Amino acid sequence: MTTPVLSNMPYHVAIVMDGNGRWAGKRFLPRIAGHKQGVTALRRCVKACVARGIGVLTVFAFSSENWNRPEEEVSGLMDLLARAVTSEVAELKQNGVRLYFVGERQRLSPTMQTAFSHAEDTTASNTGLVLNVCFNYGGRWDIAQAAQKVSDSGQPITELALDRALALSHVPDPDLFIRTGGELRISNFLLWQAAYAELHFTDKLWPEFDEVALDEAIAVFRSRERRFGQTSAQLSVPPDSNMPVTSGQPMRAV
């Protein structure tokens, strides 16, 4: 997909939604209560992104490593997601949001797989914000499955071929990568796609993340110079010069 010409606003925001369990623990609540509050925070964030004209929001909801968590928590998360998909999809459709679930689905129950497909089909005609929910996703898995797909097709394994085979090939790479919860790592999220993303880490736990926190992250993004391998001098060349000016990230071909 071709990357739009970027202004000083991020077109694609990616978020590691970390801190639900700690939010609940600080309040002597079960961890699932934090995840429920996390759904509320996601709903709030989606509305804020729509209001700010952001084109794509990608969130890390459940990693391929999260299966190692206590069985009770994993089961609760699955139930919470199933109910959230059912209850939220009508409002997402009404607000013009197009929903994608990104990740390896074979390990999920048939009911969950059907719910994902139904939500995607219901919002398929929407042309507003693209919401990617990464569930049972890992960056290493994504690169490996893309390499396998390219190999099976008989094509040479090139950067462009891999890029087209990735699970998020339907959107440009993220401009702004946010992680809540105070941890300073990306935790196997969008390893390929985040190559040129601006990273922003906040101590806010995900249930606390609101419009103000989003605006703070956007302000940090807007204060940075994105060069993509060029120099500052190249970026400051007047438009009528013969030297090309990069106004956004490298273009992704269809």
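Rule-based calculations on the coordinates, nothing more; no lab input. Fair warning: this is a prediction, and the values are worked out from it, not measured in the lab. Every residue, glycine as well, gets a Cβ built from its backbone with ideal geometry; the counts of neighbours run over all protein chains shown.
Relative intensity of the chain on a log10 scale, I(q)/I(0) at q = 0.08, 0.17 Å⁻¹, equals -0.33, -1.45, per a Debye sum over C-alpha point scatterers of equal strength in the absence of solvent. Using Cβ point charges alone (K and R +1, D and E -1), the dipole size of the chain about the Cα centre works out to roughly 260 debye.
For the chain, the longest principal axis of the alpha carbon atoms and the long axis of helix 31-51 meet at an angle near 40°.
Residues whose amide H lies under 5 Å from that of residue 102, counting only those 5 or more places away or on a different chain, are 133, 134, 135; hydrogens are built 1.01 Å from N in the peptide plane. Checked against a 26 Å cut-off, the cross-linked pairs 47/204; 36/204; 36/149 give Cα-Cα distances beyond that limit for 36/149. Short-range pairs are left out: with C-alpha atoms under 8 Å and at least six residues apart, the relative contact order of the stretch 12-235 is 27 percent. How high is the relative contact order of the stretch 38-140, in percent, counting Cα pairs under 8 Å that sit 6 or more residues apart? This gives 44 percent for the stretch 38-140. Under the simplified labelling scheme, the residue 199-residue 223 pair shows an inter-label distance of 1.8 nm, with each label point 7 Å from Cα along Cα→Cβ. For the stretch 88-189, a crude dipole built from +1 on the beta carbon of Lys and Arg and -1 on the beta carbon of Asp and Glu, taken about the Cα centre, is about 180 debye to the nearest 20. Within the stretch 5-48, the chymotrypsin sites (Phe, Trp or Tyr not before Pro) that combine a DSSP coil assignment with at most 11 other C-beta atoms in a 10 angstrom radius are 28. Its relative contact order, with pairs defined as Cα atoms under 8 Å and 6+ residues apart, puts the stretch 21-94 at 25 percent. Taking amide H atoms as placed 1.01 Å from N in the peptide plane, the amide H of residue 181 lies under 5 Å from those of 202, 204, 205, 206, each 5 or more residues away in sequence or on another chain. Every helix of 4 or more DSSP H residues in the chain counts as -39500 (n - 2.57), and over all residues that averages to -13000 deg cm²/dmol at 222 nm. Helix 139-153 and the long axis of the chain differ in direction by around 70°, with both axes built from C-alpha atoms.
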